[in-house]
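The values are calculated or read from the model by the stated rules, or taken from the named source; none is laboratory data. As the structure is a prediction and not an experimental result, all values here were calculated from the model. Here Cβ is always computed from backbone atoms with ideal geometry, including for glycine, and neighbour counts include all displayed protein chains.
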2 protein chains.
Amino acid sequence: MSAFDHTALDDVIHGRLRLGVMAYLASVTAASFADLKAKVNATDGNLSSHLTKLEEAGYVRIVKSFQGKKPLTQVALTAPGRKAWLDYLDRLRGLLDAAE
Amino acid sequence: MSAFDHTALDDVIHGRLRLGVMAYLASVTAASFADLKAKVNATDGNLSSHLTKLEEAGYVRIVKSFQGKKPLTQVALTAPGRKAWLDYLDRLRGLLDAAE
């Protein structure tokens, strides 16, 4: 397979917003929805819909609870999500290295 | 700006197929359409439409000529395309580094 084969990159992760989400979640234990939203510079609706896609792929876990009377949504990578992230990184780095 | 801000990544370059094209073109002086198609694992129609998008952004130059009686299409990065590629790489690497 060519290093430049676009189908080698996991499309669930590659979209810019989801890539930002996966990268940030890879760097923390868990993030609140509000924190994630600020980090990746997204709107509520846009972030929600992309989180659903990542959750459906089994890459993130979304836990809704309450902090006092305030709802709190927390998001974290799952073990398969972390594996998919590392696989994605490997392939992306292979592509970037081949370009040099 | 957060390292995870998805809007920092050039959307013209980021799409998987266009990313493969830009990465391959960054590694060569010019490529034929047939060579590019094999490297990025695309169909004719899909590659054509994405090349048009890159050409409209001024990132690639497409030159059509003949080799004997056979039409030959060659594609190369432009100077602005190379600059956009290097800027994209910087931001992508910043995001990946921040994830570790």
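Numbers at a glance
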quantity	calculated
Filter pass, B:L17 being within 23 Å of A:D10 (Cα to Cα) and touching a His at 6+ places or on another chain (Cβ under 8 Å)	yes
Any hit, segment A:62-76, residues being within 8 Å of chain B (Cβ to nearest Cβ) and at pLDDT 95 or above	no
Answer residue from segment A:67-100, given it is hydrophobic (A, V, I, L, M, F, W, C) and not in a helix (DSSP H, G or I) and is surrounded by the most Cβ atoms within 10 Å (Cβ to Cβ) among those	A:L77
Some residue of segment A:78-100 being under 18 Å from B:F4 (Cβ atoms), modelled with pLDDT of 95 or more and touching a Leu at 6+ places or on another chain (Cβ under 6 Å)	no
Residue match in segment A:43-50 (condition: within 14 Å of chain B (Cβ to nearest Cβ), under 11 Å from the mean Cα position of the chain (by Cα) and surrounded by 17 or more Cβ atoms within 10 Å (Cβ to Cβ))	yes
Residue satisfying condition, being away from chain A (no Cβ under 11 Å) and over 10 Å from the mean Cα position of the chain (by Cα), within set B:S2, B:S32	B:S32
Among the residues listed as B:L25, B:L17, B:L9, the single one being touching a helix residue (DSSP H, G or I) at 6+ places or on another chain (Cβ under 9 Å), at the interface with chain A (Cβ under 8 Å from one of its Cβ atoms) and within 15 Å of A:L96 (Cβ to Cβ)	B:L9
In segment B:23-37, the residues that are surrounded by fewer than 14 Cβ atoms within 10 Å (Cβ to Cβ) and farther than 19 Å from B:W85 by Cβ	B:S32, B:A34
Residues of segment A:51-66 that turn out to be exposed (fewer than 10 other Cβ atoms within 10 Å of the Cβ) and either of a type in the set (A, V, I, L, M, F, W, C) or part of a helix (DSSP H, G or I) (or both), as a count	1
